[in-house]
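These notes are about the structure you will find just below.
Just so it is clear, none of the values below were taken in a lab; they were calculated from the coordinates. As the structure is a computational prediction, the values presented were derived from the model and not from experiment. Glycine also receives a Cβ, built like all others from the backbone with ideal geometry; neighbour counts cover every protein chain displayed.
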Amino acid sequence: MSVRRLAKQQPTSFAFTPASLEKAHWWLAKFPDGRKQSAVIPILWLVQKQEGWVPEPALRVVAELIGAPVMRVLENVTFYTMFQLQPVGTVAHVQLCGTTPCMLRGANDLKTVLEARIGHKDHRSADGRFSWEEVECMGACANAPMCAINDYYFEDLTPESLDGLVDSFAVGEKPQPGSAIGRQNSAPEGEPVTLTDTSLYDGSRAMPIKLPGVVAA
């Protein structure tokens with residue numbers, strides 16, 4: 001398991017926005033007295049959605065809010081890789097899957113695109129708008145290669161389609177997530193080749209079931 005440490009450069013303070021604080025109290029209300037510390041993960045997620053990452057001063061604010069030692073909050077934020085411990089791109093943060101299925105389907109070519117467009121992984125671009133990292137399997141192996149950009153999956157990628165996604169985010173667009181080749185969920189590529197007659201599964205050809213001793217209405 002990789003070692004995850006807080007960023008060396010940190011802001012001097014952190015404060016929830018009114019909207020984020022209201023949502024934090026909404027989460028706290030879900031847990032009984034004595035169990036408020038169980039809200040640590042959703043409240044840390046609120047921090048990340050507000051700031052783009054989880055700065056160190058936020059750990060102390062969250063710890064006070066849920067009534068937990070700061071170390072307990074630190075343990076969570078350094079254990080779960082969903083939390084970013086250093087600033088990420090303000091426009092798009094790309095998490096590229098490099099695990100075996102994606103690697104075999106061209107993830108290394110996608111890395112080349114990201115290195116050319118954004119720079120070295122785990123660092124932000126010169127303008128601070130983009131960043132990327134390599135991650136382990138995100139469970140979309142059937143649609144490899146893929147990446148997550150901000151909160152959404154983009155699948156069945158090629159170097160060309162990934163390059164186009166970066167272009168779209170750069171000009172403020174919000175590309176449609178999902179398969180770049182129009183695949184339906186995780187179905188095989190192309191049109192169905194079996195069970196193409198819809199009457200086979202829409203119920204129209206189902207035979208009535210006759211049970212002994214039961215008279216049909």
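Structural remarks
- Computed FRET value (nearest 0.05) for residue 82 with residue 189, which takes r as the C-beta separation and R₀ as 25 Å: 0.25
- Label point distance in nm, residue 197-residue 60, each placed 7 Å from Cα along Cα→Cβ: 7.3 nm
- Among 175-185, 68-78, 88-98, the order from most to least packed when residues are scored by Cβ within 10 Å on average: 88-98, 68-78, 175-185
- Evaluating 6.51 cos²θ - 1.76 cosθ + 1.60 at θ = phi - 60° for every residue in region 108-123, the Karplus couplings come out as 5, 5, 5, 4, 4, 5, 5, 5, 6, 8, 10, x, 5, 5, 6, 9 Hz, glycine and proline recorded as x.
- Report note on the peptides 103-114, 16-27, 53-64: ranked by the mean count of other C-beta atoms within 10 Å, highest first, their order is 53-64, 103-114, 16-27.
- Paramagnetic label reach from residue 142 (point 7 Å along Cα→Cβ; backbone nitrogen cut-off under 15 Å): within region 182-216, residues 182-194.
- When only alpha carbons of region 1-83 are considered, Rg and Dmax amount to 12.3, 37 Å.
- Binning the alpha carbon pair distances of the chain at 10 angstrom intervals from zero yields the distribution 7, 25, 25, 19, 11, 7, 4, 1, expressed in whole percent.
- Computed per residue of the chain from DSSP H runs no shorter than four, each worth -39500 (n - 2.57), the mean residue ellipticity at 222 nm is -10000 deg cm²/dmol.
- Cut-off 14 Å, label 7 Å out along Cα→Cβ of residue 181, residues of region 130-159 by amide N: 141-146, 155-159
- Exceeding the 29 Å Cα-Cα cut-off - candidates 8/49; 36/174; 8/30; 49/174; 8/121: 36/174; 8/30
- Partnerless Cys - the chain, beta-carbon criterion under 4.7 Å: 137, 141, 147
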